[in-house]
Amino acid sequence: MNLFKSLRSGSQPGVHTLEATSSGLATALASVTLRATFVVGYVSPHVDLDGVARTLGARFPGVPLMLCSTAGELCSSGGGL
């Protein structure tokens, strides 16, 4: 369908997708020039979530922030949540 092709064609205006390691996050964020109004992050459970939150909060002070992990990583132990 053309609808899905058009959605995959690129980022929407005002949306920035960033992929970085936890150690390279601050450097990667320095290149982001848009004025954020809401930040969403998917973080591996093997990474210091509080550290990622501090880095994002310092880069975007006062901006609402939501961080989470993927369901597969949360449930990978087989024991459920």
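The values are calculated or read from the model by the stated rules, or taken from the named source; none is laboratory data. None of these values were measured; they are calculated from a predicted model. The accessibility values were calculated without ligands, DNA or RNA, using every heavy atom of the protein model including side chains. Shrake-Rupley method; radii C 1.70, N 1.55, O 1.52, S 1.80 Å.
Miscellaneous remarks
- Given a 1.4 Å probe and the protein chains as shown, THR27 ends up with an accessible area of around 110 Å².
- Residues ARG35, ARG59, ordered by accessible area of protein heavy atoms at a 1.4 angstrom probe radius and largest first, appear as ARG35, ARG59.
- The slack between MET66 and ASP50, meaning 0.36 nm per residue of separation minus the straight C-alpha distance, is 4.6 nm.
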